[in-house]
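Worksheet for the structure shown next.
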Amino acid sequence: MLAAWARNAGRLAKRPTAAAAACPVTASRSMSSAHGPRPLPALPKLVEELAPTTMAPIELAKSMHPAFYIDTDYVHAERERIFGTQWFAAAHTSELSDPGDVKVIDVGGTSIVLTCDKNRKINAFYNVCRHRGARVCSSSTKGCKQLVCPYHWWAYRLDGSLKSTPPAATPKERKDQLGLQRVPGVDTFAGMVFLNQMPNPPPLADTLGDLPQKLMRYDLDHLEFSGVKDYEIKGDWKLIAENFVDFYHINAVHPELAKFSRVDDHQPYQGNGQYVGFVTTPLTDSGGPGDSYNFNAFERLHGVEAAAALFFQIFPNVSVTIYPHSVYTLMTFPTQEPGKTRERLSLLMAPGAKLQADPMDLYKEKCGKLMDFVVNINDEDVEAIENLQVGLHNARARGLCGEFLPKYDWPVHRFQNMVLSGLHGEPLRQDIMPKLSSAFEQKVLSM
């Protein structure tokens with residue numbers, strides 16, 4: 001493997017400068033607009049200069065340079081290239097399950113409206129009125145009959161078609177051409193809605209690799225929404241993802257979680273696909289709200305799955321924790337300001353999680369305590385992430401890069417390489433990824 005990397009190192013080092021590389025990438029990878037594909041921003045020269053130190057086998061690699069988290073020009077280009085060309089998580093299907101459900105998300109300077117129309121189809125549109133370009137929707141809602149622009153009252157149906165332009169009477173043939181602009185790619189997986197802004201994007205399944213097979217016994221399309229909390233985090237979106245896959249910090253940051261999900265009980269659960277995956281096995285009942293006896297588990301789990309927690313970072317922006325009885329997710333959306341991220345934590349319960357003997361008020365109390373548990377974990381993480389963001393400014397001034405400990409840091413190394421490959425519209429380079437244990441997967445397959 002090291003020899004293979006050495007053969008590729010020269011190719012990486014000899015890549016053209018950002019200005020030269022921008023032309024072929026722009027020609028083949030561009031975001032859609034009302035007038036067709038539009039060019040992606042060129043990558044700063046630092047990408048070409050600094051990326052090879054991370055795009056190496058973990059034994060030789062260094063963590064991504066601090067510039068990748070704080071430099072304004074890079075952060076803008078990254079946001080457009082990653083979220084403008086890749087499938088990304090936008091919402092839970094349970095938030096868009098009834099006609100009239102509307103959800104607004106903002107990714108950098110791009111605002112998107114998701115709707116559930118009268119046929120229960122999930123749609124995604126750019127939040128731009130076709131008249132003068134005003135923002136149509138300012139917030140998520142339920143029971144919505146139509147989308148009305150507040151500037152001149154142009155009204156759109158939930159399928160995006162233009163309904164009326166009061167007080168003017170617009171001919172039908174013209175209205176047919178003035179619907180809201182659709183986001184090209186809309187798909188669902190594991191109870192989540194994913195979007196892709198590329199014209200004619202590749203199937204979402206191509207990105208997921210073998211992840212659907214790993215989750216086939218978890219009924220993630222029928223989860224019961226239990227709780228949500230929104231965050232405004234003073235940290236780059238990548239740091240949030242890296243923190244999620246970094247189980248090495250549990251003892252230092254999460255004293256209560258460490259009793260339930262111990263550092264040395266983490267094992268890889270990794271296959272092909274644009275994700276990072278590992279498990280905690282076995283989980284340890286510790287008298288906390290996540291203990292196994294508090295809820296019924298997913299019905300179809302194999303033996304080892306019933307005593308394990310699964311962790312998946314689906315590239316780029318959703319962190320998924322799957323306990324035997326519940327799921328919580330972290331969806332992150334970069335803002336227009338470098339080092340600032342919006343995050344939504346959602347807790348969802350497995351179908352039939354309520355114990356038959358529990359009255360509903362006791363079940364809700366248990367769910368509330370579980371929500372408090374995961375929120376406390378996330379609050380601890382937010383503090384650590386914001387401290388790291390501050391530290392990276394200091395490290396940037398001194399040109400310092402972080403180091404990898406292969407036993408613990410392989411998930412961070414994998415995620416960072418997905419970022420660097422994704423900037424060029426390329427999949428993760430498997431030739432520089434370490435060979436990982438498949439012990440847990442073999443136990444699952446043997447059941």
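For the chain, divide the Cα radius of gyration by the Kirkwood radius and give the resulting Rg/Rh value with two decimals. Rounded to two decimals, Rg/Rh equals 0.98.
Partner aspartates and glutamates whose Cα lies under 16 Å from the Cα of residue 354, excluding those fewer than 8 positions away in the same chain, are identified as 219, 224, 291, 299, 365. Stokes-Einstein, applied to the Kirkwood radius of the stretch 163-219 over Cα pairs at a viscosity of 0.692 mPa s and 37 °C, places its translational diffusion at 224 µm² s⁻¹. Pairwise inverse Cα distances across the stretch 67-218, averaged and inverted, put the Kirkwood hydrodynamic radius at 16.8 Å.
Assuming charge only on the beta carbon of Lys and Arg (+1) and of Asp and Glu (-1), the dipole of the chain about its Cα centre is about 1740 debye to the nearest 20.
Placing +1 on the Cβ of every Lys and Arg and -1 on the Cβ of every Asp and Glu, with no other charges, gives the stretch 187-250 a dipole of roughly 80 debye about its Cα centre.
Cross-link partners for residue 142 among the aspartates and glutamates, with Cα-Cα distance under 17 Å and sequence neighbours closer than 8 places in the same chain left out: 95, 98, 101, 117, 159.
Only DSSP H runs of four or more residues enter the estimate; each adds -39500 (n - 2.57), and after division by the residues of the chain the mean residue ellipticity at 222 nm equals -9500 deg cm²/dmol.
For the chain, with all protein chains in place and a probe radius of 1.4 Å, 54% of the accessible heavy-atom surface sits on carbon or sulfur. Spin-label model, residue 200 to residue 259: label points 7 Å out along the Cα-to-beta-carbon direction sit 5.8 nm apart. Per residue, the stretch 163-314 exposes 43 Å² of accessible surface when a 1.4 Å probe is rolled over the protein heavy atoms with every protein chain present.
In sequence order, the stretch 345-356 has phi-based couplings of 9, 10, 10, 10, 9, 5, x, x, 5, 5, 5, 4 Hz under the Karplus curve 6.51 cos²θ - 1.76 cosθ + 1.60, θ = phi - 60°, and Gly or Pro positions carry x. Bridgeable lysines around residue 145 (alpha carbons under 25 Å apart, same-chain partners fewer than 8 residues away excluded): 103, 118, 121, 163, 172, 175. Comparing 181, 197, 430 in a Gaussian network model of the chain (Cα springs below 10 Å), the most mobile by mean-square fluctuation is 430. Karplus-based coupling profile of the stretch 160-171, in residue order and whole Hz: x, 6, 6, 9, 7, 10, x, x, 6, 9, 9, x, with θ = phi - 60° in 6.51 cos²θ - 1.76 cosθ + 1.60 and x standing for Gly or Pro.
Farthest towards the positive end of the charge dipole of the chain, among the residues 154, 194, 223, is the Cα of 154, using unit charges on the Cβ of Lys, Arg, Asp and Glu. Between 431, 176, 291, the GNM of the chain built on Cα springs shorter than 10 angstrom shows 176 fluctuating the most. Which of these, 336, 213, 86, has the largest mean-square fluctuation under a Gaussian network model of the chain (Cα springs below 10 Å)? It is 213. Considering the zone a paramagnetic label at residue 121 would reach in this model (a point 7 Å from Cα along the Cα-to-Cβ line), which residues of the stretch 132-165 have amide N under 19 Å from it? Counting backbone N atoms under 19 Å from the label point, the list is 144-147, 156-164.
Mind running the shape call on the stretch 89-149? Use the C-alpha gyration tensor, a ≥ b ≥ c as the square roots of the eigenvalues: rounded below 1.5 for a/c, prolate if a/b tops b/c, oblate otherwise. Here the stretch 89-149 falls in the oblate category.
The values are calculated or read from the model by the stated rules, or taken from the named source; none is laboratory data. Since the structure is predicted, the reported quantities are computational estimates derived from the model, not experimental observations. As a convention, Cβ positions derive from the backbone with ideal geometry for all residues, glycine included, and neighbour counts pool all protein chains shown. All accessible areas refer to the heavy atoms of the entire protein, side chains included, with ligands and DNA or RNA removed. Shrake-Rupley method; radii C 1.70, N 1.55, O 1.52, S 1.80 Å.
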